[in-house]
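One structure is given here, and the rest of the page talks about it.
The values are calculated or read from the model by the stated rules, or taken from the named source; none is laboratory data. This one's a predicted model, so the numbers in the text were calculated from it and none came from an experiment. We place every Cβ from the backbone using ideal geometry, glycine too, and count neighbours over all the protein chains shown.
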Amino acid sequence: MPELPEVETARRGLAPHLEGRRVAAVVLRRPDLRWPIPPEVARLLPGQRIAAVRRRAKYLLLDTDAGSALLHLGMSGSLRVLPADTPVGAHDHVDLALEDTRVLRFNDPRRFGCLLWQAPGDVHPLLRELGPEPFDDAFDADYLFALSRGRKAPVKTFLMDQRVVVGVGNIYVAEALFAAGVSPLRAAGRVSRERYARLCAEIRRILQYAIARGGTTLRDFLSPDGAPGYFEQELAAYGRGGEPCPRCGRPLKHAMLGQRATVWCGHCQR
Ligand SMILES: [Zn+2]
């Protein structure tokens with residue numbers, strides 16, 4: 001599944017091709033993806049100039065004066081800018097034809113992605129409940145410390161809650177908790193301000209690194225046995241249950257926590 005780094009990588013790749021360009025036409029080859037495509041997309045987008053390509057959590061927004069197209073890649077979606085005469089393939093569900101004879105093509109075999117509409121000055125309901133971005137100034141130790149007081153949920157579950165902070169998926173939280181020496185099982189309300197400062201810094205560092213590498217891109221770099229590809233040897237904890245801890249050599253523990261695979265060192269993470 002594309003995670004925040006993959007979506008940010010997609011945004012950076014698409015922005016130079018889309019920003020400042022006018023949408024000539026919208027081609028919808030089916031009426032829905034995960035949800036119905038609202039009529040505003042085909043009615044309002046043609047003729048509009050794309051002012052900016054933004055990311056919020058794992059959503060991409062194409063901003064125009066008439067409103068914003070809101071895209072999510074779901075499990076298997078991808079966006080490519082192609083010459084307009086590129087033959088349409090299976091699962092090419094949506095084209096935004098650009099005035100420069102290219103198209104932005106949305107392919108999504110499993111159709112867990114979406115194309116929705118956000119009116120000018122509005123915030124789409126899917127975005128209203130989201131917490132801060134991990135790179136926002138608002139995301140800091142004071143914020144996490146204050147929000148977590150009295151919470152008995154494990155700190156891992158707390159940090160993966162999109163209302164707390166967006167984009168900290170299972171891989172990144174495992175790595176951040178390992179690097180910060182915090183047990184994923186510890187109650188969120190029992191983590192000190194100092195350790196939240198460390199976690200903030202590690203979350204940012206790990207996400208920045210993944211963005212710089214174009215995301216961990218598990219989907220595109222699966223090895224034949226289905227294990228994560230080249231990034232795997234750089235992961236200290238994720239996917240390494242039972243292997244020696246890179247710090248102390250004791251076997252890493254693994255368990256299911258909130259239905260998510262969880263790996264940690266019982267010695268180094270407290
Ligand atoms: Zn250890």
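So here's what we get for this one:
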read-out: Any chance residue 16 is outside any strand (DSSP E or B), within 20 Å of residue 167 (Cβ to Cβ) and out of contact with any strand residue (DSSP E or B) (no Cβ under 7 Å at 6 or more places or on another chain); value: no
read-out: Test result for residue 4, in contact (Cβ under 8 Å) with a residue 40 or more places away in the chain and under 14 Å from residue 96 (Cα atoms); value: no
read-out: Exclusive hit being in a strand (DSSP E or B), touching a helix residue (DSSP H, G or I) at 6+ places or on another chain (Cβ under 6 Å) and among the basic types (Lys, Arg), set 80, 55, 105; value: 55
read-out: Long-range neighbours under 6 Å by Cβ, at least six apart or interchain, first residue modelled with pLDDT of 95 or more within segment 239-266, second near the ligand (Cβ under 10 Å from one of its atoms) and among the aliphatic types (A, V, I, L, M); value: 241/252; 243/252; 245/252; 246/236; 263/237; 263/252; 265/252
read-out: Matching residues in segment 243-270 - criterion: being of a type outside the set (Ser, Thr, Tyr) and more than 13 Å from the ligand (Cβ to nearest atom); value: 254, 255, 256, 257, 258, 259, 260, 261
read-out: Qualifying residue in segment 19-29 (condition: under 24 Å from residue 167 (Cβ atoms) and surrounded by 18 or more Cβ atoms within 10 Å (Cβ to Cβ)); value: no
read-out: Residue ranges of helices (runs of 4 or more DSSP H) in segment 148-216 with at least 3 members crowded, with 20+ Cβ neighbours inside 10 Å, among the hydroxyl-bearing types (Ser, Thr, Tyr) and touching a residue at least 24 places away in the same chain (Cβ under 8 Å); value: none
read-out: Within segment 37-52, considering residues that are outside any loop (DSSP other than H, G, I, E, B) and either under 22 Å from the mean Cα position of the chain (by Cα) or basic (Lys, Arg) (or both), the one surrounded by the fewest Cβ atoms within 10 Å (Cβ to Cβ); value: 43
read-out: Some residue of segment 94-111 being of a type in the set (Lys, Arg) and touching a Gly at 6+ places or on another chain (Cβ under 6 Å); value: no
read-out: Residues located in segment 83-101, provided they are assigned to a strand (DSSP E or B) and either surrounded by fewer than 16 Cβ atoms within 10 Å (Cβ to Cβ) or among the polar types (S, T, N, Q) (or both); value: 83
read-out: Meets criteria (on the phi < 0 side of the Ramachandran plot, among the aliphatic types (A, V, I, L, M) and either modelled with pLDDT under 90 or not in a helix (DSSP H, G or I) (or both)) for residue 222; value: yes
read-out: Answer from 67, 20, 89, 13 - the residue that is small (Gly, Ala, Ser) and in contact with a Phe, Trp or Tyr (Cβ under 7 Å, 6 or more places away or on another chain); value: 67
